[in-house]
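Please read the structure below before turning to the comments.
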Number of protein chains: 2
Amino acid sequence: MKDFDPECLCVSCEFREIAFSYLDDEMIRELCRHKVERTYRKGEIIHNGGDPINEFKYLKSGLVKLFRNTRNGDEQIVTITKPFEFVSNMSIFSEERYPYSVAALEDSAVCCIDLAYIKKLVLENGGFAMGLLTKISKANEKIISLTLDLRQKNLAGKVAYVLLYLSREIYNSNVFDIPVSRKEIADFIGMSMANVIRTLSDFKREGILAFHGRTVEIQDRKKLELISLMG
Amino acid sequence: MKDFDPECLCVSCEFREIAFSYLDDEMIRELCRHKVERTYRKGEIIHNGGDPINEFKYLKSGLVKLFRNTRNGDEQIVTITKPFEFVSNMSIFSEERYPYSVAALEDSAVCCIDLAYIKKLVLENGGFAMGLLTKISKANEKIISLTLDLRQKNLAGKVAYVLLYLSREIYNSNVFDIPVSRKEIADFIGMSMANVIRTLSDFKREGILAFHGRTVEIQDRKKLELISLMG
DNA sequence: CGCGGCTTTGATGTTCATCAAGTAAAGTGG
DNA sequence: CCACTTTACTTGATGAACATCAAAGCCGCG
């Protein structure tokens, strides 16, 4: 983990469009004074479940997983999110401590803003509050619908769904490096690693997927979508 | 469904403590002018997934289920909530239409406030916005952790978990009328009805539960908690 | 009394986890 | 750069958990 605090570039940050569109340039500069940007390397923990919440965290670049540990030692992945989505999840306003852990799946940069300052902004600026409500609601709804979708599918359907999720939501391409291990895919969809691998092999055998080293290529998207839907 | 609009009692509504503690008496009276109270009978639909959202709904009395329909015809229950929790869920700020349906499990009364007015309040009153953020976050986190908990458990664990959920969160008692059919329990935990029944019978045989007509009594809470935890 | 809903139970088959063994890939130290 | 170790991945065989199917019991209601 590395801190880093350059001349304020927040005014022109793309970021701003998303959460802070209600703040004018002066306000953004002020916000900037309450901000630290931290970078994390692939695999690093950004925070652990149970850690006290005192920052509002936003993913600026990279990719992270939100997860928790189960009693029997393995992880349960809640979601995988890309830049401009919340890192700290929505609990910042309702909890004292993070309910879930967050770790970097790729090298990542996180904007961390003093939570007390964000709360002050909510109290003072209705538009800002509204923007936040909208964003938080959306993030939550995404997680919930993801979980419901996965719950009703069989193994092949789940694996197909996750591949399409990565392809559509994260990489916007039919070809991408899978950012998670087979075990992590298993932890995401709640299945055993062995069966995830088996299913991937099946997909390969059927010509739906092709692997080149760490990269996967979706060769028959229609078929994959069908499996995801019907599973 | 029945509308009903008495002299404004909102000033003294318990309700107020939860979502509207930031509003003074005068504001509550104003809010009241944008409010309709509707009552629903057991089984009635409060709204369907896909319906446009134009009210902020709060459950005043009764019990409701939040659910959606799956492709193969049965329901997927997201959560069951009791009075003073959101009915419309959190999507009110992020979606145009309800993502899920809501139906009354028991005779219920719902406070419906004009959504445009709520949004106006958020913009004008930071404290109100903060209260809403907190409440929405909490409701979401509850749903997510519920889903994650259920996901990792086996059948017996899930059934035990749901019984404890009803006992603890809804009825606050070891003895209560199960407000849902066996099929609905199955829809809630994502298992087949036959196996839910089988598990309940097992629990009865082992002296963990006792049934008197529609009422269930948790006789060995410790054991049920253990099954829920270990499942 | 008889009909239709919900509920229960048993028998059977499928899906998936688990176990175990083996292979490829990626570090690591000489 | 190569042997060595470790880690990630892969595949097959087996058994447990659970869905599905079918039949029967219960209960309220006309």
So which residues in the range B:172-231 are within 14 Å of DNA strand D (Cβ to nearest atom) and outside any helix (DSSP H, G or I)?
B:177, B:181, B:190, B:191, B:192, B:211, B:212, B:213, B:214, B:215, B:231
Quick check on the range A:78-91. Is at least one of its residues within 14 Å of chain B (Cβ to nearest Cβ), among the polar types (S, T, N, Q) and in contact with a helix residue (DSSP H, G or I) (Cβ under 6 Å, 6 or more places away or on another chain)?
yes
Any residue in the range B:136-157 that's without any contact (Cβ under 8 Å) to a residue 40 or more places away in the chain and of a type in the set (Lys, Arg): show its pairings with residues that are more than 16 Å from DNA strand D (Cβ to nearest atom) and assigned to a helix (DSSP H, G or I) at Cβ separation under 8 Å, as long as the two are six or more apart or on different chains.
B:151/A:147
If residue B:95 satisfies all but one of (1) buried (at least 22 other Cβ atoms within 10 Å of the Cβ); (2) at the interface with chain A (Cβ under 9 Å from one of its Cβ atoms); (3) at pLDDT 90 or above, what's the number of the condition it fails?
(1)
If the Cβ limit is 8 Å and pairs must be 6+ apart or interchain, which residue in the range A:205-218 that is hydroxyl-bearing (Ser, Thr, Tyr) pairs with which residue that is within 12 Å of DNA strand D (Cβ to nearest atom)?
A:215/A:177; A:215/A:178
Which one of the conditions (1) over 23 Å from the mean Cα position of the chain (by Cα); (2) more than 9 Å from DNA strand C (Cβ to nearest atom) does residue B:198 fail to meet, given that it meets all the rest?
(2)
Check on residue B:165, within 14 Å of chain A (Cβ to nearest Cβ) and at pLDDT 90 or above:
no
Of the listed residues (B:162, B:175), the one being of a type outside the set (Lys, Arg), in the same structural domain as residue B:199 (by TED's automatic domain parsing) and buried (at least 17 other Cβ atoms within 10 Å of the Cβ) is B:162
Check on residue B:153, more than 25 Å from residue A:75 (Cβ to Cβ) and within 14 Å of chain A (Cβ to nearest Cβ)
no
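The values are calculated or read from the model by the stated rules, or taken from the named source; none is laboratory data. Remember, it's a predicted structure, so these values are computed and weren't measured experimentally. With ideal geometry, Cβ positions are generated from the backbone for all residues, glycine too; neighbour counts draw on all protein chains shown.
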